[in-house]
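Read through the structure below, which is laid out as structure tokens, and then see the notes.
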Amino acid sequence: MLATARSMSRVRQYALELASLALFLLFVAAAAGLVLHLRRASCRRNNAIRTTQGELRAVTSAAMLYAVEHDGCPSLADLRGAYLDVHARVEDPWGRPYRVACHGERPVGASAGPDGVFGTEDDLTGE
């Protein structure tokens, strides 16, 4: 009977160690999943920013051509067709329309960036 009690105690100890190991592995897997998710989100955000910068350079170039031929600051509607490809995207990856900002003589394509608010540090331009 004493041997059986010791055997049961060892079985309980092994079961506890196994359960602890399983919980630890579950925690590590969850942490790794979170890191991968955050990394993918960061990559998507960076890709969206690079895409926006390229599109804004095209809007800026079109706006500068327009400014050479016309007085005033163009709208996106003014640029589409003659200055900007009619199939060019005029919305940023976050679904908000680009703007043409005219400060002085040089027009510049602009996006409010990921936060959607102009005047914050994540604003993007085609400069």
Please identify the trypsin sites (Lys or Arg not before Pro) of region 46-127 that satisfy two criteria: DSSP loop assignment and at most 16 other Cβ atoms within 10 Å. Which are they? 89
At what distance in nm do the modelled label points of residue 12 and residue 40 sit from each other, each positioned 7 Å from its Cα along Cα→Cβ? 4.4 nm
Report the longest stretch of the chain that contains none of the chymotrypsin sites (Phe, Trp or Tyr not before Pro) sitting in a DSSP loop with at most 14 other Cβ atoms within 10 Å. 1-93
For the chain, what % of the accessible area comes from carbon and sulfur atoms, probe 1.4 Å? 60 percent
Say R0 is 35 Å: what FRET efficiency, to the nearest 0.05, do residue 71 and residue 118 get from their beta-carbon distance? 0.90
What nm value, rounded to one decimal, do you get for the distance between residue 94 and residue 47 when each label is placed 7 Å out toward the C-beta? 1.8 nm
Of 116, 68, 9, which is farthest on the positive side of the dipole of the chain, counting Cα position, with +1 on Lys and Arg Cβ, -1 on Asp and Glu Cβ, and the Cα centre as origin? 9
Rounded to the nearest whole Å², what accessible area per residue is found for the chain with the 1.4 Å probe? 71 Å²
With +1 on the Cβ of every Lys and Arg and -1 on the Cβ of every Asp and Glu, the dipole magnitude of the chain about its Cα centre, in debye rounded to the nearest 20, is 1280 debye
Comparing 19, 110, 63 in a Gaussian network model of the chain (Cα, 10 Å), the one with the largest mean-square fluctuation is 19
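The values are calculated or read from the model by the stated rules, or taken from the named source; none is laboratory data. Keep in mind that this is a model prediction, so the values were computed, not measured. In this analysis, Cβ positions are derived from the backbone assuming ideal geometry, glycine residues included, and neighbour counts consider all displayed protein chains. For the accessible areas, the whole protein counts, side chains as well, though only heavy atoms, and no ligand, DNA or RNA atoms are used. Shrake-Rupley method; radii C 1.70, N 1.55, O 1.52, S 1.80 Å.
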